[in-house]
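Have a look at the structure below, then the notes.
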Amino acid sequence: MVYVIRKEHFNAAHRLFNPAWSEEKNHEVFGPCANNNWHGHNFELIVTVKGMPDPDTGFVYDLKQLGDLIKAEIIDKVDHKNLNLDVDFMLGKLASCEILVMEFWKILDPKIKETSDTATLHKIHLIETNKNSVEYFGE
């Protein structure tokens, strides 16, 4: 099995906030991340696709095609946006990195399956800060 990796970047704001809780409980649980005026990150998105190289191209998945797909389906929708307010697939959801990476999977997995008979999405790694990141394997 060969794993190919594409890295992209985006900037976005969000607020960690559970509307079922009081302001006090949100600030107790989420601290400054529950700020009413949002906060932002310079995110790094790393998408890993796995498969065996195509005998005609030598590619598991064309990395330019993967980059174009990630840009059209994810980056263009989240870059310089408020994840809580501006991103349709995040409306009504908690804007944690864990939820965000799962939503990215729901978007990318079927698109990769549509465009390849052999390659599959293996992992999405979302880096929020130098200290905090999440990985999702579609499980």
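The table below lists the values:
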{"item": "Enumeration of residues in segment 82-95 that are out of contact with any strand residue (DSSP E or B) (no Cβ under 8 Å at 6 or more places or on another chain) and closer than 15 Å to ALA20 by Cβ", "result": "GLY92, LYS93, LEU94"}
{"item": "Hits in segment 44-74 (condition: of a type outside the set (Val, Ile, Thr), part of a helix (DSSP H, G or I) and crowded, with 17+ Cβ neighbours inside 10 Å)", "result": "LEU66, LEU69"}
{"item": "The one condition in (1) touching a Gly at 6+ places or on another chain (Cβ under 7 Å); (2) under 25 Å from ASN130 (Cα atoms) that TYR61 fails to fulfil", "result": "(2)"}
{"item": "Only listed residue being surrounded by 11 or more Cβ atoms within 10 Å (Cβ to Cβ), among the charged types (D, E, K, R) and in a strand (DSSP E or B), chosen from LYS7, LYS77", "result": "LYS7"}
{"item": "Selection from segment 30-43 of residues that are part of a strand (DSSP E or B) and of a type in the set (S, T, N, Q)", "result": "ASN42"}
{"item": "Which numbered condition VAL101 misses (of (1) over 24 Å from TRP38 (Cα atoms); (2) part of a helix (DSSP H, G or I))", "result": "(1)"}
{"item": "Restricting segment 109-129 to residues that are in a helix (DSSP H, G or I) and touching a strand residue (DSSP E or B) at 6+ places or on another chain (Cβ under 6 Å), the residue that is surrounded by the most Cβ atoms within 10 Å (Cβ to Cβ)", "result": "ILE112"}
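Every read-out reported here was derived from the displayed coordinates using simple, explicitly stated rules and does not represent laboratory data. Computed from a predicted model, the values in this text were never measured in an experiment. Positions of Cβ are generated from backbone atoms using ideal geometry, with glycine treated the same way; all protein chains shown enter the neighbour counts.
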